[in-house]
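The structure appears below as structure tokens.
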Amino acid sequence: MNNKIPTPKISEILLEEFMKPKHLSVDDVAKGTSIPISHIQNILHDQCKINFDISVKLGNFFGVSDRFFINLQNDIKRRQANLDNSDK
């Protein structure tokens, strides 16, 4: 039986922990961060990764450190790699 908690995706965290509680749309985040709507949509659909520039803009907008989102993304990547290696 596998009792491991699934590793969340950066898209889930951005949407569920940051956007939904503040009732923010993709358009709201785009306007507040100067990140193109298409790029935010791509992040939310797991079609692109967060780079440092995007992390800074999201961090400033949501009131967290400028490295928060990139560190979170890197942590998720490490956890996933560990899970993949433990399955072998």
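For this structure, a couple of remarks:
- Taken over the range 60-88, the residue count meeting the criterion of being under 25 Å from Ile5 (Cβ atoms) and without any contact (Cβ under 8 Å) to a residue 60 or more places away in the chain is 19.
- Members of the range 1-38 that are open to solvent by 50 Å² or more (accessible area, probe 1.4 Å) and under 16 Å from Gln73 (Cβ atoms): Lys9, Glu12, Leu15, Glu16, Glu17
- Within the range 26-52, residues that are on the phi > 0 side of the Ramachandran plot sit with their Cβ atoms under 7 Å from residues that are open to solvent by 40 Å² or more (accessible area, probe 1.4 Å), at 6+ positions apart or across chains, in these pairs: Ser34/Lys57; Asp46/Lys9.
- Within the set Asn74, Asn60, the sole residue that is in contact with an Asp or Glu (Cβ under 9 Å, 6 or more places away or on another chain) and surrounded by 11 or more Cβ atoms within 10 Å (Cβ to Cβ) turns out to be Asn60.
- Count of residues meeting criterion [under 15 Å from the mean Cα position of the chain (by Cα), modelled with pLDDT of 95 or more and basic (Lys, Arg)] in the range 10-58: 2
The values are calculated or read from the model by the stated rules, or taken from the named source; none is laboratory data. Small disclaimer: the values here were computed from a predicted structure and weren't measured. Glycine gets a Cβ as well: all are built from the backbone with ideal geometry, and neighbour counts include every protein chain shown. Accessible surface areas use protein heavy atoms only, side chains included; no ligands, DNA or RNA. Shrake-Rupley method; radii C 1.70, N 1.55, O 1.52, S 1.80 Å.
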